[in-house]
Structure formats: structure tokens, C-alpha cells
Amino acid sequence: MAIDEKIAAKGKIRVLIGEDSAFMRRVIADSLDAEPGIEVVGTAANGREVLRKLVDLQPDCVTLDLEMPRMDGLETLRFIMSEWPTPVVILSGHTAEGARMALTCLEYGAVDFVAKTFKGMRFPVRELVSKVKLAATVDAEKVRFAPVGFDLKAKTRPSRKSRTECVVLIGASTGGPQALGEIIPRLPADLPASVVIVQHMPSNFTTYLAERLDARSAMYVMEAEDGEPIRPGSILVAPGGGHLLMDEKGGQPVTMLLPRNEKQRTACPSIDFALTSIAPIFKKRLISVILTGMGRDGEAGCDAVRKYGGRVICQDRDTSMIYGMPGAVVSAGLAHEVLPIQEIADCIIREVEEATAGVLASESQ
């Protein structure tokens, strides 16, 4: 069932607001109540009150501020996910600590977050409404916190002189940080490929996404910089707030970062932009992985990947928090593999081995 159909089938989406500031409670409540199809059924000034009202009201979605007295947003979220799994949208400050905490909340099962900043004295109402509607369509069983176990190997810093023969591009949106947490720790340090992650996320937040993944990965994970060489054994995260493309300088593939054009209504960073720029360079040596997320970003890019002989892997419906992006690629007949999230890392390793074996075979001839 499509997202719009799911929303229509629910009738009014019942929302509980957790926010310690009386002013912000009113701003958020008025913003949501003004939207047809959404009803604010309760507000709470602290985490304990959120938990009490959650049990009594059984809302479809909870908005949760991170900074609340008596029980903060993260502690409240842990209780929600362990006892009464419910879709949650986090309201986070646009600070370093706010970004780190928001990403931790995503790992604990929050569906998404909204950076609580005022642009031109206006609260990001459209973003909040959109994410509340999306969160309300997510099955409760898909928002439980499921920690990933892994054994870290010693990291080996990628050689600055080495040239990659294979690229894996992973595209994700809503639910992506959780899905990446399943895949990245399972990739070996000696993977003979470069990995590029394009996660829909605002600027600054991708810095801390890279940090968190690096702490869990046997490979080096870093936020990409303009002109960054693509090296095997490294994972580059596309910075939020702009687009990552690829170019060649002196025969060496390098990243090219472009600012977002506010007139373009494209996802940011764009998976399509990244894939369509990488496909002509790596051709059969490009592996595209499309994970959970709303919309169709990645479909056009995967079409380019297929045309140049690359491989396409998609997350399946059952393990996707939102099946929009992978579903669009699958419906277009572009996926070679459609797999549960737990099997994607092993599939990436196999595909990389086959791609690099092909390179070695051609070199020996």
C-alpha cells in the first residue's frame, strides 16, 4: 500500500507532543492541528508525563523533544521502544550535541528527526507535518531497538597512493541510520572497494553520522571533502546540505561537492545525482545499494547503473522502515537482488569479489 493510501486509511493521525517549553508546545500543537488529517490528542511537559499519556491515549505518533526535565528525550525513547513501541519523531537542537543525540535516537528506533531551528522566525512546519504523517504509517514492530553485535578488527588506514577498482554506493533516507548500522559493521577492513554513503540528512548531522559509523566499523569512515580521492578500504559519507558527484583528475576518481540549488525539489544529498555521475566512470565495477526511504530517489540512478553494466541491490519490504525508494527501483525492474537487511553486507562482499575478479582477469589477458 502506498504512503498516501496508508495515511488515508488511518483517518486522522493522533499525535502526542512531548515538549518542556510551553511556548514550543503551543507552536507545535497549533502547527499540527492546522493540518487536515492530524489531531493533537495530548501534550506533556516531561518524559514521565509522556509515558503516562502514551499508555492512556495510544497515539499513532509521538513528537519528542530531547531536552526535557525529570526524564530526557533519549531516556523516554528507550522506555517507549522497550515497552510500547510507537513511531516517534525527535525534535532536536541544531547543535553538535543535538545532532549526536538525534542520531542516537535513530539507533534506538525513532523514525526521523526535525532540527528545531527558526528560519526567518518561522518554525519548520512543513517538515514536521510531513515527517509526522510518514512516521504514522510505520508499523510499530519496525521501530523496536535491535542492537547489532560485531567484532571490530584493527583499522588499516587506506593508502593514499592506492587506486580503487570498485565502488559501492549505498543510498538511504528514512530508517537509513538504523539500516547502515546493520551493514557497515559487517564489512571487512580489507574490502577491495570504496564505499560511498548518500543519506538524506541536513548539514552538520552527516558529520556525526560518519563519526558513529566509524566507531563501529573495521573500515575508516569519514565525511567526504571536495576533491577527495576514492580509495579502497575507505567509506565516505556525502555531506548534508549539498550533493556529491564524482569526477576524474589525472586518471584518479575524486569527489565533487556541489551546493544545493534551492529551486530544485530534489532529495538532498541526491542519490540519483551521485549514481549518474559515478556510473560512467566505474561501469561494471559499480554496485548500487538502495535502502529504506520515502520517495523515488535512486530509481533514475539505478537505471544508469544498469545501462553501464553495474549491479543493483535493494532492501526488501519486510525489513524496510519505509519501502518507497527500494520499492520504486524494484517496481522498475532494476534490482538484481532484493534482500532483508541482515543479508545485504554479505551480498556486497560477494559482488565486490566478483567485480574485482573481473578486473584482475581482464588485466591478465
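Please treat every number below as a calculation from the coordinates, not as lab data. This one's a predicted model, so the numbers in the text were calculated from it and none came from an experiment. All Cβ positions, even for glycine, are placed from backbone atoms using ideal geometry, and neighbour counts span all protein chains on display.
Highest GNM mean-square fluctuation among Pro69, Pro36, Pro192, for the chain modelled with Cα contacts below 10 Å: Pro36.
For region 274-283, putting each phi into the Karplus relation 6.51 cos²θ - 1.76 cosθ + 1.60 with θ = phi - 60° gives couplings of 5, 5, 5, 7, 7, 3, x, 7, 9, 6 Hz, in residue order, rounded to whole numbers and with x for Gly and Pro. The residues neighbouring Ala172, those whose beta-carbon lies less than 13 Å from its own, together hold a net charge of -3 under the Lys/Arg +1, Asp/Glu -1 convention. Listed from fewest to most Cβ neighbours within 10 Å, the set Phe79, Phe113, Phe123 follows the order Phe79, Phe123, Phe113.
The phi-based Karplus calculation (6.51 cos²θ - 1.76 cosθ + 1.60; θ = phi - 60°) puts the 3J(HN,Hα) values of region 292-301 at 3, x, 8, x, 10, 4, x, 5, 5, x Hz, whole numbers, x for Gly and Pro. Let me check I've understood the local charge: for Leu257, count other residues with C-beta under 15 angstrom from its C-beta, Lys and Arg +1, Asp and Glu -1. What total comes out? Surrounding charge for Leu257 is -3.
Relative to the 2.2 N^0.38 Å rule of thumb, the chain has a C-alpha radius of gyration ratio of 1.00. Overall shape of region 3-143 was characterised from the C-alpha gyration tensor. The equivalent ellipsoid obtained from it has semi-axes of 20, 18, 15 Å, in decreasing order.
Length, then width, then depth: along the principal axes, the Cα atoms of region 205-271 run 39, 32, 15 Å. Only Cα pairs under 8 Å and 6+ residues apart enter the sum, and on that basis the relative contact order of region 167-364 stands at 22 percent. Summarising the amide proton neighbourhood of Ser234: residues at separation of 5 or more, or on other chains, whose placed amide H is nearer than 5 Å comprise Val195.
Relative to the longest principal axis of the Cα atoms of the chain, the long axis of helix 22-33 lies at roughly 80 degrees. Taking Ala135, Ala300, Ala193 in turn, the Gaussian network model of the chain (Cα-Cα springs below 10 Å) assigns the largest fluctuation to Ala300. Of Gln315, Gln342, Gln178, the residue with the greatest mean-square motion in the GNM of the chain, using alpha carbon springs below 10 Å, is Gln342. As a ratio to 2.2 N^0.38 Å, the alpha-carbon radius of gyration computed for region 210-365 takes the value 1.04. Extending 7 Å from the Cα toward the beta-carbon at both Arg70 and Asp30 defines two label points whose distance is 2.6 nm. Under the criterion of Cα pairs below 8 Å and six or more residues apart, the relative contact order for the chain equals 12 percent.
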